[in-house]
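For reference, the structure is listed below as C-alpha cells.
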Amino acid sequence: MKYCSRFGEVLTLLACVVTSHVTAAVGAAQLTVTLQADKEVYKQDEAVSVKVSFQSTGPGPLRLPAWQFPQADGNLDDSLFQVQTPDGTSMVYLGRRMKVNPEMPLTVIPATRTMTFQVDLDRFYEFPTDGDYLIAYVYNGFSSNTIRVTVQGRSRESGPIAAGGWYSQGLRCLNSRLCVQGCTRRQRDLIVKARKHALKYSRVAKQYLAKHHNTSSTTSEGTMIEQDRSRRYSTWFGNYTAERLIQVKTNFAKLVDTLSSDILTFDCSTCLRPWHFAYVVPSQTSSKVVFLCNYFWRTSMLGVDSKAGTIVHEVSHFLDVAGTGDYAYGHLMAQDLAKATPEYAVTNADSYEYFAENTPFLP
C-alpha cells in the first residue's frame, strides 16, 4: 500500500490499489502533476483560477481513470484538490460526486506529453474569508506542488448550484417525498421502485448490524470479540473496531431515515454521460437532488451496481447523511480498500452500496 502525503498528513489512500486495477501495467510510466496559480492575489470579483498539468514522464503512455482529471466542461467529478488555510483547516468541497462504471475507457497520456486544464476553484470549494490558502492537487495516489494564494472580499452563502435553481420549470412531485425533473413515465415508475428497494436494502442492513454486531461485545481495547465477526462486514468494511462499527451503524440509520422521510428529487435529463450511473452535490442538503445518468437506466433493479444500490450510494454522499467519498469503485477495488485501509472503507459510498446489496450473498 502506498502512503500519500497531503500537506504533511500521511494518508493511506486506496489510490494505489485503484490504479493497480484500472491499469494493470503502468510499469515504468510515471505522472507528474504541476499546479500553477494565475495570480498571487484574487480580488472579490475574480475567480480563483488555476492551471493543473499532468505529464507522463515514463517511457510509455499512462492510462488513468477519466474521473481523476477535470472535465472538458470545467466540472469536477470528485474532490481533486485540497484547499486549506495555513492552520490546516480544510475547506468544504461543494462540487458533485459521481458513481461511475469502473470499466469505463481510460484517459491516455502519451509518453512525455502533457495535459493541462484550467479550473475555477471557487466553483467547487469554499473560500469563506479573506486571507491566504494553500492549494494542491491530491487524488488517486498522485499529488502536485502546493501553491499559496491570497483571496480578498470573499463571502459565500451558497454552493455553486443554487438550491432549486435548475428546477423552476418542469418539476413534478409524485408524492410528498419524491419529485422528478425531465423524466418519462417509464423512468418515473422505475425511480419509485428503486427508492422503495433502496429503503429496503438500508433497513435490512441496519437490522443485520443490530442483530449480528452488538457494540457492547468489545474488548477493553475496542476490538470486536471473535464470534461477532462476519464475512459480510469484513469484506466491505475491513477489520473491526468499536468506533468504526458505530460509524457504519449510524450511517445506515441515517440512510433509513433519509430514504423514508426526506424529500428527494430525481433529475433524468441533466446527466447524459454514458459511463456514469448518477451524481449528487453533497453540500446541497436542504434540497437533495439525485442526477440520474445514462448507465443508471441500463442496470438491473436489484443486485450488483443496481438501481436501488445506486440510490443508496448517492444518498450516502450527502453531508447530513453519511458524507461518504468515492475512494474506490467496483467490487474488487472496494474489497481491496477494506483490507488495506478500513478507515476509508467506512467512508466509501460503494462499500455501503455493496454491503446493502449483498450480492453474492455473504452471511
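Annotations for the structure displayed:
- Entry remark, segment 306-328: residues being outside any helix (DSSP H, G or I) and either among the charged types (D, E, K, R) or open to solvent by 10 Å² or more (accessible area, probe 1.4 Å) (or both) number 6 in total.
- Evaluation of residue 79 against (1) crowded, with 21+ Cβ neighbours inside 10 Å; (2) more than 20 Å from residue 317 (Cα to Cα); (3) not basic (Lys, Arg) (one fails), failing number: (2)
- For first residues located in segment 162-183 and part of a strand (DSSP E or B), partners that are modelled with pLDDT of 90 or more and among the basic types (Lys, Arg) and lie 6+ apart or on another chain with Cβ distances below 6 Å form the pairs 180/172; 180/188.
- Meets criteria (open to solvent by 20 Å² or more (accessible area, probe 1.4 Å), more than 24 Å from residue 303 (Cβ to Cβ) and at pLDDT 50 or above) for residue 181: yes
- Count of segment 82-114 residues which are of a type in the set (Val, Ile, Thr), in a strand (DSSP E or B) and open to solvent by 20 Å² or more (accessible area, probe 1.4 Å): 3
- For residue 299, the conditions (1) buried (at least 22 other Cβ atoms within 10 Å of the Cβ); (2) within 18 Å of residue 279 (Cβ to Cβ) are fulfilled apart from (1).
- Among residues of segment 115-136, those that are open to solvent by 30 Å² or more (accessible area, probe 1.4 Å) and hydrophobic (A, V, I, L, M, F, W, C), counted: 3
The values are calculated or read from the model by the stated rules, or taken from the named source; none is laboratory data. Given the structure is predicted, the values throughout are model-derived calculations rather than measurements. A quick note on method: Cβ atoms are made from the backbone with ideal geometry, for glycine too, and the neighbour counts reach across all protein chains shown. Ligands, DNA and RNA are excluded from the accessible area calculation, which covers all protein heavy atoms including side chains. Shrake-Rupley method; radii C 1.70, N 1.55, O 1.52, S 1.80 Å.
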